[in-house]
1. If amide hydrogens are placed 1.01 Å from N in the peptide plane, which non-local residues have theirs closer than 5 Å to the one on G197?
2. Any idea what Rg and Dmax come out to for the stretch 51-161 if you just take the C-alpha atoms, in Å?
3. For P(r) over Cα pairs in 10 Å bins from 0, in percent, the listed values are (1) 6, 17, 15, 14, 13, 10, 8, 7, 5, 3, 1; (2) 7, 30, 39, 20, 4, 0; (3) 7, 29, 31, 21, 10, 2, 0; which was obtained by calculation from the structure presented?
4. Amide H of G205: which non-local residues (sequence gap of 5 or more, or other chain) have their own amide H closer than 5 Å, using H built in the peptide plane?
5. Filter K43/K231; K170/K229; K182/K231 down to the pairs with a C-alpha to C-alpha distance above 22 Å, please.
6. So for the stretch 152-229, averaging the separation of alpha carbon pairs under 8 Å that are six or more residues apart and normalising by length, what relative contact order in percent results?
7. Roughly what would the spin-label model give for E76 and S37, points 7 Å off Cα along C-beta, in nm?
8. Below 8 Å, C-alpha to C-alpha, sequence gap of six or more: please give me the relative contact order for the stretch 51-161 in percent.
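Bear in mind that the values in this text are calculations on the coordinates, not laboratory data. Remember, it's a predicted structure, so these values are computed and weren't measured experimentally. Because the Cβ atoms are built from the backbone with ideal geometry, glycine has one as well, and the counts that use them run over all protein chains shown.
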Amino acid sequence: MTKNNLTALIIGVSVLLSSLFLGYSFVNRNKKENTISVTGLGKKDFTSDLIVWTGYFSKKNYNLKSAYAELDKDREALKTYLINKGIDEKAIVFSSVLINKDFESYFDPQTQRTTNTFTGYTLTQNLNIESREVDKIEGVSRKISEVISSGVEFYSNAPEYYYTKLAELKQSMIAQGTQDAKERAEKIAENAGTSLGGLKKAVMGVFQITGQNSSEEYSWGGSFNTLSKNKTATITIKLDYEID
């Protein structure tokens, strides 16, 4: 085979392959255009059915034994207060005692030395209450300053609110979002004078929980509000349909 014939053969094969590739791309492009992509929304308002309330109290004393005794007294006073407010004793959980040795630093400019002087022990204990009696615990948390009158310096954190049936809620929202997307696709196909074909692809978006009637922003990773008792859950469902 001469060099000219070989060159002509290579060019011919290249043209044939290019034609086949362009033809395949054109077919695929047309197939892609014969689809409808829609996004449906699943949305549900709900009220939290579980509350978690935490806080802590502490005592400081130069003598460790005295610090323990004072902390025990505060714990019993706080426990009695909570039980008298109707909170189940089993829901009241105290952590182990944290002990911290405190020092005060002093720098002497004449000697250029720093000395650390022991100032006492600080003992801290955390309180954790987890309950389904949301309204009751919420009410007590708002009035906890009353316990200060008994000499207990209790530092309260804001209650956190949760929902124990998120799995069921999410399932119903997926169904709602899917139905919403399908109805949108059917409407688009109807207005375009065509009919809806089979489902080609379904993608679930991020599950979000925000406070009801709040300006809370959504996040790409998914928001999970714990500070609001009344919440709104949302999820998006994207569907790709063929059209006939």
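1. Under 5 Å from the amide H of G197 lie the amide H atoms of E242, I243, D244, each far enough along the sequence or on another chain.
2. 17.9, 62
3. Here the calculated entry is (1).
4. T236, I237, K238
5. K182/K231
6. The value is 35 percent.
7. Taking the simple label geometry, E76 and S37 are separated by 6.9 nm.
8. 45 percent
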